[in-house]
1. Is there a residue being part of a helix (DSSP H, G or I) and of a type in the set (D, E, K, R) anywhere in segment 9-32?
2. Please specify each residue of segment 128-178 satisfying the condition of being at positive phi and either assigned to a helix (DSSP H, G or I) or at pLDDT below 75 (or both).
3. Here is a list of conditions, (1) of a type outside the set (S, T, N, Q); (2) part of a loop (DSSP other than H, G, I, E, B); (3) over 17 Å from residue 126 (Cβ atoms), and residue 63 meets all of them except one; can you say which number that is?
4. Starting from residues that are of a type in the set (D, E, K, R) and touching a strand residue (DSSP E or B) at 6+ places or on another chain (Cβ under 9 Å), keep the ones in segment 63-84 and report whichever is nearest to residue 152 (Cα to Cα).
5. Keeping to segment 89-114, report how many residues are of a type in the set (Val, Ile, Thr) and closer than 22 Å to residue 59 by Cβ.
6. Given the criteria in the same structural domain as residue 135 (by TED's automatic domain parsing), at pLDDT 90 or above and hydroxyl-bearing (Ser, Thr, Tyr), does residue 108 qualify?
7. Go through (1) surrounded by fewer than 14 Cβ atoms within 10 Å (Cβ to Cβ); (2) closer than 14 Å to residue 121 by Cβ; (3) touching a residue at least 40 places away in the same chain (Cβ under 8 Å) for residue 44 and report which single condition fails.
8. Does segment 68-127 hold any residues that are basic (Lys, Arg), under 21 Å from the mean Cα position of the chain (by Cα) and not in a loop (DSSP other than H, G, I, E, B), and which are they?
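The values are calculated or read from the model by the stated rules, or taken from the named source; none is laboratory data. Note that the structure is a prediction, hence the values are computed from the model and not measured. Reconstructed Cβ throughout: ideal geometry from the backbone, glycine too, with neighbour counts over all protein chains shown.
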Amino acid sequence: MNKLGQFITTVVIGGFAVFLAALIVLPMVRPAQAETKEPSTVAQSLSAYPKNLDFAMFIPQDVYGQEWGAVAAVCPGATENQLKKGGVETKNLNIDFADGAVPDDVNYILLASQTGEFKAEKLPRAQVDLCDGLLQQLKSPEAAKQDIPPLLPFQQGQPLQFIRDTQDYVEQMGKNNPDYVDTDWHLAG
């Protein structure tokens, strides 16, 4: 190989090595503001979801942070006493109780840390409905005889699956169904 070929080969290999080094170093030196920004929420994530996709999955710890190990949905009808019996301290949570219970038009994602702290995200059911499936089950004759709190725990590390309120879903649920909620997203599982 002549001198010109050696020079070109050296420049190409050197440039590639600099590029690889930059790929490794740049994520380590990102600005501190990127780490201190407000954490994402399921509502923000779903509202930013591409409009042409009708199915979404999130692992709650990826959305809220690894410190929040336990996640549950607090559904309409849940009372403050039911949550307290379950060990949830409701005093510092932003859960609004109307007539002693969660109103019909909202549901909450309840997060619990390993240190015993609780946090709740309010989700209007017109945007995200976490509870339509659970509320249907609670209305069954067997469940009516039991005092089952409208609280839906999720398995740690498992994704929450959401389906957009498409025409197919509307036909499956039926607009005349009293449990149907006109919403943007439904919890699928």
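1. For segment 9-32, residues part of a helix (DSSP H, G or I) and of a type in the set (D, E, K, R): absent.
2. Listed by number, the list holds a single entry, 174.
3. Evaluating residue 63 over (1) of a type outside the set (S, T, N, Q); (2) part of a loop (DSSP other than H, G, I, E, B); (3) over 17 Å from residue 126 (Cβ atoms) leaves (2) as the failure.
4. 80
5. Summing the residues that are of a type in the set (Val, Ile, Thr) and closer than 22 Å to residue 59 by Cβ in segment 89-114 gives 1.
6. yes
7. Condition (3) is where residue 44 drops out.
8. Selection gives 119, 122.
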